[in-house]
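Peer 1: Before I ask anything, let me first share the structure, which is written out below as structure tokens.
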Amino acid sequence: MSILRDPSLAESGRRKIAWARAYMPVLNAIGEDFAWRKPFKGIKITTSVHLEAKTACLALTLAQGGAEVHSTGCNPLSTQDDVAAALAGMGVEAYAVHGCTDAEYIEHLTAALACRPHLVLDDGGDLTELLHGSAADFASNLIGLTEETTTGVHRARLRQEAGLLRFPITAVNDAEMKHLFDNRYGTGQSTWDALMHTTNLQVSGKTVVVAGYGWCGRGVAMRAAGLGARVIVTEIDAVKAIEAVNDGHTVMTMDEAAARGDFFITVTGCKDVIVDRHFPKMKDGVILANAGHFDVEVDVKFLRDTSAEAIPRRDGIVAYKQQDGRFINVIAEGRLCNLAAGNGHPVEIMDMSFAVQALALEHMMNHGKSLAPGVYPVEYGIDARVSELKLLSMGMKIDQLTEAQKKYMEAL
């Protein structure tokens, strides 16, 4: 039975879902195919993703394919209660409440697994951890999992390297039609959309410090520069640092950058990126935000414990007054800002990512029983199909090799 804040919010959620579906032609095409073939008939699927309108469309697409779908969130602050209520009224069990405690969050994840799913879609690896621990009994029917994001894939690979992974996992994050667009263009736009809406501050002319230059960091830095900011990148990887320099950014350590930034955005996937020694160097009124999956990149606990006062200044912003009178502003408690303080990635971006997810789940259903525990790449044919459907929806075509060209390339 669903766990919701308020079922009466469903109408608002249905409007959000309808809006998103109108701009998701690729997922809709896959949904029509699923509705005809019913590939998931008799299959239970548990999903843990940021529970908002776009992910609701994915859940409904899986249900079109005949699946019994159980959905929960992957971050307590990214759940939209009206969307969860709408899903529960559209044939999908939902277990998510915005702003729930950490203990309640685990309860919701566990409730979503209690159906003993055949397939699991994870975002960040929390369901995977539970299935290897306190919820191991709920894995009795499990064929395999798909993982949506960088952090979750990293956690799965660490478990594999330690010889502790019990199931096959498809690294959806690593698919070209996911990370090249979702991580770069999705994170870049949604992070700045959330920051500009939450702060109502100008970006042009400011100095923006981006910690981490992976695909997400590239997107955040690119959009900051496009908005007229001066961009500083901090990195631990020399190759990525040189790439950032060639992209027009300045590279330095966080110790150096701490005194220069007006906005700080962490996108590393690691802990302790901005910590106690950095805060005394920062400008009065600085904005700190995290766009990594977990709230461990900025040491908000240190600020909370050592500041003279914590003052809510706007929705989604807490200012920590320092002993010398400076204010350090933290967005969304240091959680994933583009969803905890915004609407997440653009609809059209998630159309491609979730199309990959839907097809990867079908592939896992068909092949997972023959796979040993491990982390597997997305089959290339899935990337190709999603990209072709996307181009078709945009009215665009690409060239095809002639037979003579094929023979030439094969002979090289």
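The values are calculated or read from the model by the stated rules, or taken from the named source; none is laboratory data. Computed from a prediction, not measured in an experiment: that's the story for all the values here. Positions of Cβ are generated from backbone atoms using ideal geometry, with glycine treated the same way; all protein chains shown enter the neighbour counts. Quick note on the areas: whole protein, heavy atoms, side chains included, nothing else; ligands and nucleic acids left out. Shrake-Rupley method; radii C 1.70, N 1.55, O 1.52, S 1.80 Å.
Peer 1: Over the chain, what portion of Cα pair distances is larger than 35 Å, expressed as a whole percent?
Peer 2: Details: 24644 of 84666 pairs.
Tail of P(r) above 35 Å: 29 percent of Cα pairs.
Peer 1: Filter the cross-link list K54/K390; K301/K321; K54/K301; K178/K406; K283/K321; K240/K271 down to pairs whose alpha-carbon distance in this structure exceeds 23 Å. All intermediate terms of the calculation are to be shown ahead of the outcome.
Peer 2: Values: K54/K390 17 Å; K301/K321 14 Å; K54/K301 32 Å; K178/K406 28 Å; K283/K321 12 Å; K240/K271 19 Å.
Pairs exceeding the cut-off: K54/K301; K178/K406.
Peer 1: Taking the square root of 5 times each eigenvalue of the Cα gyration tensor, what semi-axes in Å does the equivalent ellipsoid of segment 139-250 have, largest first?
Peer 2: Working: eigenvalues 219, 55, 24 Å².
Output for segment 139-250: semi-axes of 33, 17, 11 Å.
Peer 1: Which one, N28, G188, M282, projects farthest toward the positive side of the charge dipole computed for the chain from Cβ point charges (K/R +1, D/E -1)?
Peer 2: Toward the positive end, the furthest listed residue is N28.
Peer 1: Got a sec? What order do E235, E148 fall in by accessible area at 1.4 Å, biggest, i.e. largest, first? Please list the in-between numbers first.
Peer 2: Numbers: E235 55, E148 5 Å².
Result of the area sort, largest leading: E235, E148.
Peer 1: Suppose every K and R has +1 on its Cβ and every D and E has -1 on its Cβ; what is the size of the dipole of segment 32-134 about the Cα centre, in Debye to the nearest 20? Show your work: numbers first, answer last.
Peer 2: Numbers: 6 positive and 14 negative charges, 115 e Å.
Using only the charged Cβ atoms, the result is roughly 560 debye.
Peer 1: Can I ask one more? Antiparallel DSSP bridges in the chain: what percent, to the nearest 5? Show your work: numbers first, answer last.
Peer 2: Values: 10 of 52 bridges.
Close to 20 percent.
Peer 1: Right, something else. Per the helix-only calculation at 222 nm, which mean residue ellipticity applies to the chain, given -39500 (n - 2.57) for every DSSP H run of n ≥ 4 and division by its residues, nearest 500 deg cm²/dmol?
Peer 2: Using -39500 (n - 2.57) per qualifying helix, the result is -12000 deg cm²/dmol.
Peer 1: Quick check: convex hull over the Cα atoms of segment 308-412, volume per residue in Å³, rounded to an integer?
Peer 2: On the way: hull volume 27.8 nm³, N = 105.
In segment 308-412, the Cα hull volume divided by residue count equals 264 Å³.
Peer 1: Show me 75-84, 163-172, 361-370 ranked by packing, highest mean number of other Cβ atoms within 10 Å first.
Peer 2: 75-84, 163-172, 361-370
Peer 1: How far is the Cα center of segment 236-276 from the Cα center of segment 326-377, in Å?
Peer 2: So the separation of the two Cα centres works out to 24 Å.
Peer 1: Next question. Ordering Y380, Y105, Y213 by accessible area with a probe of 1.4 Å, largest first, what comes out?
Peer 2: On the way: Y380 150, Y105 25, Y213 5 Å².
The ranking, largest first, comes out as Y380, Y105, Y213.
Peer 1: Which one, V330, Q357, Q405, projects farthest toward the positive side of the charge dipole computed for segment 325-405 from Cβ point charges (K/R +1, D/E -1)?
Peer 2: Result: V330.
Peer 1: For the chain, set up a GNM with springs between Cα atoms under 10 Å and report which of G212, G226, G124 has the largest fluctuation.
Peer 2: Among G212, G226, G124, the largest mean-square fluctuation in the Gaussian network model of the chain belongs to G226.
Peer 1: GNM, the chain, Cα, under 10 Å: largest mean-square fluctuation among I287, I30, I242?
Peer 2: For the chain, modelled as a Gaussian network with Cα springs under 10 Å, the answer is I242.
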